[in-house]
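Data block below; observations after.
The values are calculated or read from the model by the stated rules, or taken from the named source; none is laboratory data. Just so we're clear, the structure is a prediction, and the values are computed from it rather than from any experiment. Positions of Cβ are generated from backbone atoms using ideal geometry, with glycine treated the same way; all protein chains shown enter the neighbour counts. We work out accessible area using only protein heavy atoms, side chains counted, and drop any ligands, DNA or RNA first. Shrake-Rupley method; radii C 1.70, N 1.55, O 1.52, S 1.80 Å.
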Amino acid sequence: MKQILENLNPQQLEAVKHFEGPLLVMAGAGSGKTKVLTNRIAYLIKEKNVSNYNILAITFTNKAAKEMKSRVIDLIGPIGRDMYISTFHSLGVHILRQDIDILGYRSNFIIYDDGDTFSLIKKVLTDLNIDAKHFPPKRIKNTISNAKNDYLFPEDFKKLIEDEYTDIVYRVYKRYQESLRRANALDFDDLIMLTIRLFERDETVLSFYQKKFQFILVDEYQDTNQSQFKIVKMLSKMHYNIFAVGDSDQSIYSWRGADIRNIIEFEKDFVNSNKLVKTIYLEQNYRSYQNILDIANCVIQNNYSKGKYVKKLWSQKNDEKNHAIYYRALNSDVETEYIAQKIIEKCKSGEYKLNDIAILYRTNAMSLALEKVFIRYKIDYFIYGNVGFFERREIKDLVAYLRLIVNKDDDIAFLRVVNVPKRGVGNATLELLKQYSTLHDVSLFTAVEKASTLPSRAKSSLMEFTRIIEKLKTELIDIDINDYIDMVLEKTGYLSALKLENSDEANARIENLAEFKTLTLDVEEDLNESGEIGKEEITAYDKLCLILNNITLSSDRKVNKDNAVKLMTIHAAKGLEFPVVFIYGVEENIFPLGRDDVMPEELEEERRLMYVAITRAENELFITNSEMRKLYGNYRVNLESRFISEIDPDLLSYQGVKKVKKLEKIKKQISSVPTFDIPDKKSNINEKQVKLGAKIIHSRFGEGVVVNIDKDICTIAFSAAHGIKKLDINHPAITLIS
């Protein structure tokens, strides 16, 4: 018992020793919630003599369940192996295996994974004669999944029909469920939904599990959806011994169906005349320095308008040092340079290793700028929870299209995109095409026209594909390169396919494709710096070749994952911690995501994301942004994020172009953000009034001095590493200092 109760702070001890009645443990970031959960289980068994068979602990992932069980075994020994610690879905499987026959299924049902589900929905679309191009199966699959998470059966969904799409979904959903039943199969969402239906249909079954699970513990309660909430509510209704652990300030998964109301309304949901609902706050943080926690407290308090579940994190890690830096750069190139140089500085001093450092950003597309600077500085990095920008499927697809346009004999590129999006070209057709290509020693592209053994329908599709590529090549003459990339995505049908899918994944891919166009800005800058930008022979074709060459060089890297900087979205960082954290690109329209008309609940979730990002930092925190950013193929000016103004200025060390001493704590009036297209012609007017000896800063070369002026072309002396260069002074990469 001493081992179970030692090293607990007063609030943790109170939670662990709580015996009967509903209890909500509002556990702040880094406050030891898992320890409270596992020690409470051990306490119930060892001190209160509760049978391990009468305790149910539920979490969200198999990994978390395994870790929890391991900790319980460490506390109480082998008896912990028989503990029922599981995910919601595993619990559903266990219950349904016993009694699913009540619902008309057999107990030996099979479980369809995502691939099986996708295939079945495609079959249903074919059976119903619905065009999969106009109603993508992935989108329909996601809509059905969301309906099941909200506990809506087909007959319930029918009442929500409001347009052609929802009518199609209803028809597919109804046939899909009928097909599952015929196959005696359940999909992942059915494991929860049918468990609830079973409890509703048979009071005897529900009563059995209510009696069995006298004490129920739920981890990450803020992430539960409506169906998961229903299971918890039904199971706990006999004894009301529900012990929910979570943090309303870390509810960041609404897009997955998580409903923050479940944790906010806990006291109302589990009220009982015999047992009072109690709430305990865990506010002592064991991860971060107090200065970092004060910043998190400043931001999140703006979500406390209703005055409910207010927490204030505190830590015994405290000293006089300011552990947080706010750096505002002239532009995004300077911002990434600053991050790279800080990382090198920290590692050279021996203070940290690369794997002690994480860079967090709002969306995956933002990794590109960081990857480019790390490749240049030879800093090993690892994209956590994703792949590098150039390894992402949509980027490789677009690059393959561009390669094929430049060189129609590129068989590897041909094979990658010939059926992307789907054009009805199957593997058997491609094998015939390969055989002809090998036999006659011609490229696959050339073989399309010459091969006579191809099925007529497939041949027609292939010929249309080659016509598209040929047509696109003829357009690559006098056109802005970003407009051309948009044309490729449009004419090939690639972009429209993603838009039709209309899923979170598809939207992220569209965002990555937009960010790809930022690579053209690098080429424009390189040509400008070399003095080639005004020469007529630099065509769109030449620029495209330069882009493809740069991609090849950027993609050729090997990573030591054991010692690499970790790059990730803030969502991926949830539950992790790092000695040094950079929060990158903290600007309006980026973080928070969206414009000034963002809904209040969406803004609150964005603020919770900022809170999560800040509280990942153990020792040092850097918050960075820039006045001008290269993004989605444009130069954009973004205001600094409103989250910056919510932080007490005394808590930050201000660096960069805006060394602010004191800020008024008022909310900004957020205005629409202008974008600046890349200038395709040099201006005849010297817009920047520059004189000899003027100081400038360049996004790539740093500070320099103007030593000669010839209209718009200035000769600028940079540091010894970069030397003297002739540049167009009006280029957006150049900022005049004095």
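So here's what we get for this one:
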item: Length gained when the stretch residue 473-residue 51 is fully extended (0.36 nm per residue, less Cα-Cα span); result: 144.6 nm
item: Heavy-atom accessible area per residue - the stretch 607-661, 1.4 Å, Å²; result: 27 Å²
item: Relative contact order (percent, whole number), the stretch 179-307, Cα cutoff 8 Å, 6+ residue spacing; result: 20 percent
item: Å² of accessible area per residue within the stretch 389-548, as computed with a 1.4 Å probe and no ligands counted; result: 47 Å²
item: Which labelled figure in (1) 1.16; (2) 0.93; (3) 1.09 is Cα Rg over 2.2 N^0.38 Å, once derived from the coordinates; result: (3)
item: Antiparallel DSSP beta bridges within the chain, percent to nearest 5; result: 35 percent
item: Rounded to whole Hz, the Karplus (6.51, -1.76, 1.60) HN-Hα couplings of the stretch 48-62, x for glycine and proline; result: 9, 6, 7, 5, 4, 6, 9, 10, 10, 10, 10, 9, 9, 10, 4
item: The chain: calculated mean residue ellipticity at 222 nm from DSSP helix runs of at least 4, using -39500 (n - 2.57); result: -13500 deg cm²/dmol
item: Relative contact order of the stretch 322-393, defined on C-alpha pairs under 8 angstrom at six or more residues apart (%); result: 27 percent
item: Listed residues 443, 456 arranged by accessible area, highest first, probe 1.4 Å; result: 456, 443
item: Inter-part distance where the stretch 211-256 and the stretch 409-482 are each reduced to a Cα centre, Å; result: 54 Å
item: Filtered trypsin sites (Lys or Arg not before Pro), the stretch 121-157: DSSP coil and at most 15 other beta carbons within 10 Å; result: 133
item: Efficiency of FRET from Cβ geometry, residue 507 and residue 726, R₀ 35 Å, rounded to 0.05; result: 0.25
item: Where labels lie 7 Å past Cα in the beta-carbon direction, separation of residue 155 and residue 256 in nm; result: 3.2 nm
item: Label-point separation, residue 632 to residue 74 (7 Å along Cα→Cβ), nm; result: 4.7 nm
item: Accessible area per residue in Å² at 1.4 Å probe, computed on the stretch 1-110; result: 44 Å²
item: Note, ³J(HN,Hα) from phi for the stretch 250-264, Karplus 6.51, -1.76, 1.60, rounded to Hz, x at Gly and Pro; result: 10, 7, 10, 10, 4, 5, 9, x, 4, 10, 5, 4, 4, 7, 5
item: Mean Cβ neighbour count within 10 Å, used as a protection proxy, ranking 374-387, 480-493, 628-641 highest first; result: 628-641, 480-493, 374-387
item: Amide H within-cut-off set for residue 27, under 5 Å, with H built and near neighbours excluded; result: 246, 247, 282
item: Label-point gap, in nm, between residue 351 and residue 17 - each point 7 angstrom along Cα→Cβ; result: 4.2 nm
item: Computed FRET value (nearest 0.05) for residue 428 with residue 548, which takes r as the C-beta separation and R₀ as 30 Å; result: 0.45
item: Extended-chain gain in nm, criterion 0.36 nm per residue less alpha-carbon gap, residue 130 and residue 737; result: 212.4 nm
item: Per residue convex hull volume, Cα atoms of the stretch 208-342, in Å³; result: 172 Å³
item: Long-range HN-HN contacts of residue 587 with modeled amide H, under 5 Å; result: 641
item: Charge context of residue 363, other residues only, Cβ under 10 angstrom, K/R +1, D/E -1; result: -1
item: Stretchable slack from residue 376 to residue 188, in nm (0.36 nm times residue separation minus alpha-carbon distance); result: 63.3 nm
item: Cβ-Cβ FRET estimate between residue 411 and residue 344, R0 fixed at 45 Å, reported to 0.05; result: 0.60
item: Model label zone, residue 178; criterion: amide N under 14 Å from point 7 Å along Cα-to-beta-carbon; scope the stretch 113-150; result: 124-129
item: Carbon + sulfur, % of accessible area of the chain - ligands and nucleic acids excluded, 1.4 Å; result: 49 percent
item: For a label point 7 Å along the Cα-to-beta-carbon line of residue 101, residues of the stretch 164-201 with backbone N under 20 Å; result: 181-186, 194-201
item: Contact order normalised by residue count of the chain, Cα under 8 Å, 6+ apart, percent; result: 15 percent
item: Net charge of neighbours whose Cβ lies under 9 Å from the Cβ of residue 500, counting Lys and Arg as +1 and Asp and Glu as -1; result: +2
item: Per-residue ³J(HN,Hα) for the stretch 106-111, Karplus 6.51 cos²θ - 1.76 cosθ + 1.60, θ = phi - 60°, Hz, x for Gly and Pro; result: 8, 5, 8, 4, 9, 10
item: Backbone N within the stretch 217-238 under 15 Å of label point (7 Å from residue 275 Cα along the Cβ vector); result: 217-218, 232-238
